[in-house]
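Shown next, in structure tokens, is the structure this report addresses.
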Amino acid sequence: YTMGRKSDNDVVILDVRLSAHHCRIYKNENNEVYIEDLSSNGTYRNDLKIGKDNKSKVNSGDTLYLLHPSKVKKDEEIGFIVSLYNDQVSALKRKRDDED
């Protein structure tokens, strides 16, 4: 799944602080979930910057931010806590594969 400002992302977030294609969340061949930072603005896992073109393994309970946590206002939803459900991730991936 891709996230960012542009309409061709799976999740579109209209916030000028985000990149057009900000990050990508995917499962590898071992069913491990990763987040890839596609942004110069930064994507953060547990308050640590991943870095443009780098990826980081995501675990259930991790906190992901699409901006540095200090730049996220209390009432904004630019961060989220990850809950991994294999069946749901697989179902969503299949749906996207069917669209291609």
Legend entry - Whole-Hz ³J(HN,Hα) from phi, Karplus 6.51 cos²θ - 1.76 cosθ + 1.60, for the range 11-25, glycine and proline x: 10, 9, 10, 7, 9, 4, 6, 8, 6, 4, 10, 8, 7, 9, 10
Legend entry - Nitroxide proxy distance, nm - points 7 Å out along Cα→Cβ at VAL72 and ALA20: 2.5 nm
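If R₀ is 22 angstrom, what is the calculated FRET efficiency for the pair SER40 and SER60, using the beta carbon separation as r and rounding to 0.05?
Values: r = 28 Å, r/R0 = 1.29.
Efficiency computed from Cβ-Cβ geometry: 0.20.
Is there a quick way to get the dipole size of the range 23-70? I mean about its Cα centre, with the Cβ of Lys and Arg at +1 and of Asp and Glu at -1; what is the value in debye to the nearest 20?
Details: 7 positive and 7 negative charges, 12 e Å.
I would put it at about 60 debye.
Bear in mind that the values in this text are calculations on the coordinates, not laboratory data. Quantities reported herein were computed from a predicted structural model and do not represent experimental measurements. Quick reminder, even Gly has a Cβ in these numbers, built from the backbone with ideal geometry, and neighbours come from all protein chains shown.
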